[in-house]
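So the structure is just underneath, and the comments pick up after that.
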Amino acid sequence: GFVQKNSQKKWSYYGTVVAMTLGAGVIIFALWKGLGLEYEQCYYITVLSFLLMHYLHDHVLFTDTEVLQPASAR
């Protein structure tokens with residue numbers, strides 16, 4: 001529902017993408033200043049966490065073939 005509703009208007013989609021990017025920046029800054037880690041460590045922790053979730057969703061999508069079939073074909 002969220003993805004379908006958000007992708008219907010291009011400004012809503014781009015606003016969400018910008019908000020997520022700013023959110024990642026906040027996470028990086030919080031790890032950097034809050035935990036005292038190196039900036040590069042905080043950057044890679046954040047970016048690779050999102051990438052890991054992307055790979056997980058790809059795995060679920062491409063191994064569960066029922067998701068790819070139209071509802072009428074089931």
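For the reader, a short list of remarks on this structure follows.
- The residues of the chain have, on average, 88 Å² of accessible surface per residue, using a 1.4 Å probe with all protein chains present.
- Carbon/sulfur fraction of accessible area - the chain, other protein chains in place, 1.4 Å, %: 67 percent
- Put a dot 7 Å past the Cα of residue 19, heading toward its Cβ, do the same for residue 72, and the two dots end up 3.5 nm apart.
- Summed over qualifying helices (DSSP H, 4 residues or more, each -39500 (n - 2.57)) and divided by its residue number, the chain shows a 222 nm mean residue ellipticity of -26500 deg cm²/dmol.
- For the chain, the longest principal axis of the C-alpha atoms and the axis of helix 10-35 are separated by about 40°.
The values are calculated or read from the model by the stated rules, or taken from the named source; none is laboratory data. Since the structure is predicted, the reported quantities are computational estimates derived from the model, not experimental observations. Positions of Cβ are backbone-derived with ideal geometry, glycine not excepted, and every protein chain shown enters the neighbour counts. For accessibility, only protein heavy atoms count, side chains too; no ligands or nucleic acids. Shrake-Rupley method; radii C 1.70, N 1.55, O 1.52, S 1.80 Å.
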